[in-house]
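Have a look at the structure that comes next, please.
The values are calculated or read from the model by the stated rules, or taken from the named source; none is laboratory data. Since this is a predicted model, take the numbers as computed values, not measurements. With ideal geometry, Cβ positions are generated from the backbone for all residues, glycine too; neighbour counts draw on all protein chains shown.
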Amino acid sequence: MRLIDIRDNKGARTRRRIVGRGIGSGLGKTCGRGGKGQTARSGVAINGFEGGQNPIYRRLPKRGFNNIHASKYFELTFDKVNVLLANGLVKAGDTVDRNFLIQAGVMKKWYDAVSLVSTGILKEKVSFEVTRTTKNASAQVEKLGGKIVIA
């Protein structure tokens, strides 16, 4: 492949539609809007309208709701911590908290909190500063001599 062979995908660049330029253009007079009526005018709001019958969004049952105030938790497992230990990002005795996880690229910024879960077995002594933890996880950390701070 050479630089001269690089092209946009077909349909990636399309010309702007020029309307109202006479009958021969195919987009003259009504400019592709058809004739009269609600849809020929601006500000049309008929999406979801089903010709007078009960619309589908009212026929189907509603279940539950989305809590907009719910915290989005990042699940920190011992398997993930072991990978950090193996890669040298965490040393035995270090403290792992939210900021460290974001800097290490393990966790995205939009997570509100960190939850420590005992998936796998922790191999070395590490301390944690998390929002919540499971009983098994805290027992495993304290067994190895680490500390858990609930922040």
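N47: under 30 Å from V114 (Cα atoms), free of Cβ contacts under 8 Å to residues at least 60 places away in the same chain and either of a type outside the set (V, I, T) or touching a strand residue (DSSP E or B) at 6+ places or on another chain (Cβ under 6 Å) (or both), yes or no? Spell out how you get there, then give the answer.
Values: under 30 Å from V114 (Cα atoms): no; free of Cβ contacts under 8 Å to residues at least 60 places away in the same chain: yes; either of a type outside the set (V, I, T) or touching a strand residue (DSSP E or B) at 6+ places or on another chain (Cβ under 6 Å) (or both): yes.
Taking the combined requirement at face value, the residue does not satisfy it.
How about the stretch 107-120: which of its residues are over 20 Å from H69 (Cβ atoms), out of contact with any Leu (no Cβ under 6 Å at 6 or more places or on another chain) and modelled with pLDDT of 95 or more?
The answer is V117, and nothing else.
Within 22 Å of the chain's Cα centre (by Cα) and either of a type in the set (G, A, S) or in a helix (DSSP H, G or I) (or both): is that true of L76 in this structure?
no
Report yes if some residue within the stretch 115-138 is of a type outside the set (D, E, K, R), in contact (Cβ under 8 Å) with a residue 40 or more places away in the chain, touching a Lys or Arg at 6+ places or on another chain (Cβ under 7 Å) and not in a loop (DSSP other than H, G, I, E, B); otherwise report no.
Scanning the stretch 115-138 turns up at least one residue that is of a type outside the set (D, E, K, R), in contact (Cβ under 8 Å) with a residue 40 or more places away in the chain, touching a Lys or Arg at 6+ places or on another chain (Cβ under 7 Å) and not in a loop (DSSP other than H, G, I, E, B).
Quick check on this structure: which one of G24, G51 is part of a helix (DSSP H, G or I) and either over 33 Å from the mean Cα position of the chain (by Cα) or aliphatic (A, V, I, L, M) (or both)?
G24
In the stretch 120-138, what residues are over 27 Å from the mean Cα position of the chain (by Cα) and of a type outside the set (D, E)? Even if it seems obvious, please write down each step before you answer.
Step one: filter the stretch 120-138 for residues over 27 Å from the mean Cα position of the chain (by Cα), giving 121-127, 135-138.
Within the stretch 120-138, I121, L122, K123, K125, V126, S127, K135, N136, A137, S138 qualify.
Kindly indicate whether T39 is among the hydroxyl-bearing types (S, T, Y) and either part of a loop (DSSP other than H, G, I, E, B) or closer than 22 Å to T134 by Cα (or both).
no
Of all residues in the stretch 11-50, which are of a type in the set (K, R), surrounded by 10 or more Cβ atoms within 10 Å (Cβ to Cβ) and at positive phi?
Of everything in the stretch 11-50, just one residue is of a type in the set (K, R), surrounded by 10 or more Cβ atoms within 10 Å (Cβ to Cβ) and at positive phi, namely K29.
Go through the stretch 93-114 residue by residue and tally those that are assigned to a loop (DSSP other than H, G, I, E, B) and either on the phi > 0 side of the Ramachandran plot or not hydroxyl-bearing (S, T, Y) (or both).
Qualifying residue count for the region: 10.
Also, I was wondering about something else. Would it be correct to say that F65 is of a type in the set (A, V, I, L, M, F, W, C), under 24 Å from the mean Cα position of the chain (by Cα) and part of a loop (DSSP other than H, G, I, E, B)?
So F65 passes the test.
Which residue out of V90, V141 is hydrophobic (A, V, I, L, M, F, W, C), surrounded by 17 or more Cβ atoms within 10 Å (Cβ to Cβ), part of a loop (DSSP other than H, G, I, E, B) and over 25 Å from the mean Cα position of the chain (by Cα)? Don't jump to the end; show me each part of the working.
Values: V141 fails: part of a loop (DSSP other than H, G, I, E, B).
After applying the criteria, what remains is V90.
While we're here: Would you call L76 within 30 Å of F128 (Cα to Cα), touching a residue at least 24 places away in the same chain (Cβ under 8 Å) and surrounded by 12 or more Cβ atoms within 10 Å (Cβ to Cβ)?
The answer is yes for L76.
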